[in-house]
Amino acid sequence: MYRLLEHTADMGIEARARRLDALFVQAARGLLDILFGTPCPGRGRQNLALQVEACDREELLVAWLSELLFVVQQRGFRPSGLTIDAVNAGHLGATLCGAFAPEEAAPLREVKAVTYHRLSVVETEDGWKARVFLDL
Amino acid sequence: MTVKVEQIDAWRWRIPRQGAMHTEGLVYASRAMMDRLRQEQALEQVRNVATLPGIVGPSLAMPDIHWGYGFPIGGVAAFDADQGVVSPGGVGYDINCGVRLMRSRLTAEELRPLLPRLTEKIFQQVPSGVGSCRSDLSLTAAEQRQVLLRGARWAVERGLGSAEDLLRSQAEGCIAEADPEQLSERALERGRRQLGTLGSGNHFIEIQYVEELLDPQIAEVLGLFPGQITVAIHTGSRGLGYQVCDDALRVMLRAAKKYAIELPDRQLCCAPLSSTEGRSYLAAMACAANYAFANRQLITVAVRQAFEDTLGLGAEALQLSLIVDVCHNIATWEEHRFQGQRRRLCVHRKGATRAFAPGHPVLPACYRSIGQPVLVPGDMGRYSYVLVGTERGMEETFGSVCHGAGRVLSRHRAKKAAHRRDIFAEMARAGILLRSASRATVAEEISEAYKDVAEVVQVVEQAGIGRPVARLRPLAVIKG
């Protein structure tokens, strides 16, 4: 699950999940919710593979959300679903399901970037918890 | 963690040096502003900036300070050329986001009957909204390279604007150290079709009138008179700038480790100004800054055309001339006198505006007697101010003032406050025509989401770091 965090000028996402891969899915759903008001803005069935690398889990979270943001905002991909195929401390492979169809859903707002401000990915007693802020 | 704050006088507050801080913090605020600030993270961010290596003078915050990411919005920090660092987070994602102000020969009474047509025309001619791009202008790789190298000069050389536009822009609309080779393919891709677009969020074009002259002598030098129509444009480097910052942060995270720089917040990641990483970032930042200058120049040309078409008057009759173009997200090399010595410093302004004092050698001759003019926009429902820089500002803030009103409500709270209200009708009742690509943006940008800019300007004036010249009232607002 995820919840959106208040910030004076921007917005944040707090995600929780039992497993690390599910945590990255929840954070992505939070980003899509901020962009479109729904975590599943698309209808298409085309698969799009994404690969990102970073030097730790926190930076991997930023890299993953930034990649998703790029294909959505710049390339017009509208995801109808997403799965994390593999994730460890430095690498993430994901498959987006959807279509390059910007007309399917118009973003509510522009997200400039995913920031490193107060960024965290921590293991908790019942799984994983992440916090990330976006620049709007 | 609570940040210790000591009151210096009615408008200044000190964050004493402690822990890893290399210097103290200095915040310009009224007591009421400080009471609000204590409840958010911005003071902690002023303190964090003070821990960066090579900082010269205090970690400063202007009175529009609010919670940012890394640096506070409203933050100013100067760094020594040899010992200091450059931090992309201290510039922000929207590199050279800034404002420009134009004056005209028209009065509000003359324009009022044509205002709806004019507003619609500008709205049609300047693409705005989320991801706005130009269908009629896609830059070739060679053209884009020239934009990145030459900024607003590129536009003026193509007949889009005048030499006077350049003269009245910060850095004459072009930062010299730009190197397009430092930009990623993604940054170039994102910039290809967005030149001449407004974007969304708090970006705007505003048709205003001069409501009151607060310093008639300086106003006369700026060519301002009561009731006169002015136009303000607020936008930046669009997706290209965001990508330049994003790319640089990844490099700087590694650089901070390489140079053993302790970071209280990863968003403050940085590298020595003299390092390869630092120089590369400054060269890429200059490209994005030049893109932003060219962006505002193209919008200026579109606005002038809309005025000419709607009023059926030529450029000579309208005299829509630039007063100033200023950057509020940038790091620039500047010479300052600090503790009796001339120093070459890299001044980061994140949501703050350069406002040099009268007599400063970088000012154009037309402004040398009055100081650098600055536009401080308020929210869309109230007013904006024209200020000029002061000598005290040079002494205390490296010649910097606020950049706007500063948010007080989160977007979520603003949206809640706007729920079930017709903001367009409310604005119309206040005599302001509002046109926007998005109702959601309008809800997030309601007046109550911002401090009253008059209170912000009052702090600047009372502290002596800027001098108010005129107050401008909006007649029509175009939001992204």
Just the residues that are away from chain A (no Cβ under 14 Å), of a type outside the set (Phe, Trp, Tyr) and more than 30 Å from residue B:476 (Cβ to Cβ), please, taken from region B:221-260.
B:260
Checklist (1) within 26 Å of residue A:136 (Cα to Cα); (2) under 22 Å from the mean Cα position of the chain (by Cα); (3) at pLDDT 95 or above applied to residue B:224, failing item:
(1)
Of (1) outside any strand (DSSP E or B); (2) open to solvent by less than 20 Å² (accessible area, probe 1.4 Å), residue B:27 satisfies every one except (1)
Check whether at least one residue in region A:63-78 is touching a residue at least 60 places away in the same chain (Cβ under 8 Å) and within 14 Å of chain B (Cβ to nearest Cβ), and report yes or no.
yes
For region B:327-361, name all the residues that are touching a strand residue (DSSP E or B) at 6+ places or on another chain (Cβ under 8 Å), assigned to a loop (DSSP other than H, G, I, E, B) and without any contact (Cβ under 8 Å) to a residue 40 or more places away in the chain.
B:358, B:360
Reported set for region B:30-52 where residues are among the small types (Gly, Ala, Ser), within 17 Å of residue B:402 (Cβ to Cβ) and open to solvent by less than 30 Å² (accessible area, probe 1.4 Å) is B:30, B:42
Using the structure shown, decide if residue B:71 is in contact (Cβ under 8 Å) with a residue 12 or more places away in the chain, among the aromatic types (Phe, Trp, Tyr) and away from every other protein chain (no Cβ under 14 Å).
no
Looking only at region A:89-120, which residues are touching a strand residue (DSSP E or B) at 6+ places or on another chain (Cβ under 8 Å), among the hydrophobic types (A, V, I, L, M, F, W, C), within 26 Å of residue B:265 (Cβ to Cβ) and away from chain B (no Cβ under 11 Å)?
A:92
Flagged in region B:341-376 as of a type in the set (Ser, Thr, Tyr) and either in contact with an Asp or Glu (Cβ under 8 Å, 6 or more places away or on another chain) or under 30 Å from residue B:69 (Cα atoms) (or both), in numbering order, are B:353
Could you grab the pairs with beta carbons closer than 8 Å, sequence gap of 6+ or different chains, first residue in region B:393-418 and within 19 Å of residue B:376 (Cβ to Cβ) and away from chain A (no Cβ under 14 Å), second one among the basic types (Lys, Arg) and buried (at least 24 other Cβ atoms within 10 Å of the Cβ)?
B:399/B:354; B:400/B:349; B:400/B:354
Only one of these conditions is not met by residue B:165: (1) open to solvent by less than 20 Å² (accessible area, probe 1.4 Å); (2) at pLDDT below 95. Which number is it?
(2)
If I ask for residues that are away from chain A (no Cβ under 14 Å) and among the polar types (S, T, N, Q), which ones from region B:46-68 would you list?
B:51, B:59
Considering only region A:27-60, state which residues are away from every other protein chain (no Cβ under 14 Å), surrounded by fewer than 22 Cβ atoms within 10 Å (Cβ to Cβ) and not hydrophobic (A, V, I, L, M, F, W, C).
A:29, A:39, A:43, A:44, A:45, A:46, A:47, A:51
Just to check your reading of the model, which residue among A:114, A:132 is modelled with pLDDT of 95 or more, over 24 Å from residue B:235 (Cα atoms) and either open to solvent by 60 Å² or more (accessible area, probe 1.4 Å) or under 12 Å from the mean Cα position of the chain (by Cα) (or both)?
A:132
Would you confirm whether any residue within region B:443-458 is open to solvent by 10 Å² or more (accessible area, probe 1.4 Å), under 16 Å from residue A:109 (Cβ atoms) and small (Gly, Ala, Ser)?
yes
Answer residue from region B:8-24, given it is part of a strand (DSSP E or B) and farther than 17 Å from residue B:74 by Cβ and is most open to solvent (accessible area, probe 1.4 Å) among those:
B:8
Odd one out for residue B:89 among (1) surrounded by fewer than 20 Cβ atoms within 10 Å (Cβ to Cβ); (2) not in a strand (DSSP E or B)
(1)
State the number of residues belonging to region B:208-221 that are farther than 12 Å from residue B:385 by Cα and either among the polar types (S, T, N, Q) or surrounded by fewer than 22 Cβ atoms within 10 Å (Cβ to Cβ) (or both).
4
Can you give me the number of residues within region A:121-136 that are at the interface with chain B (Cβ under 10 Å from one of its Cβ atoms) and more than 17 Å from residue A:34 (Cβ to Cβ)?
0
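For every residue, the table says whether it meets (1) without any contact (Cβ under 8 Å) to a residue 40 or more places away in the chain; (2) in contact with a Pro (Cβ under 6 Å, 6 or more places away or on another chain).
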position	(1), (2)
B:381	no, no
B:390	no, no
B:424	yes, no
B:431	no, no
B:447	no, no
B:457	no, yes
B:463	no, no
B:473	no, no
Looking at region B:409-478, what helices (runs of 4 or more DSSP H) fall wholly within it and have at least 1 residues that are among the hydroxyl-bearing types (Ser, Thr, Tyr)?
B:439-444
Right, residue B:184: among the small types (Gly, Ala, Ser), touching a helix residue (DSSP H, G or I) at 6+ places or on another chain (Cβ under 8 Å) and within 14 Å of another protein chain (Cβ to nearest Cβ) or not?
yes
When you scan region B:117-224 for helices (runs of 4 or more DSSP H) that lie fully inside it, which ones turn up with 2 or more residues that are in contact (Cβ under 8 Å) with a residue 40 or more places away in the chain and of a type in the set (A, V, I, L, M, F, W, C)?
B:141-150, B:152-157, B:185-191, B:216-222
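The values are calculated or read from the model by the stated rules, or taken from the named source; none is laboratory data. The model shown is predicted, which means the values in this text are computed figures rather than measured ones. Virtual Cβ from ideal backbone geometry, glycine too; neighbours counted across all protein chains shown. The accessibility values were calculated without ligands, DNA or RNA, using every heavy atom of the protein model including side chains. Shrake-Rupley method; radii C 1.70, N 1.55, O 1.52, S 1.80 Å.
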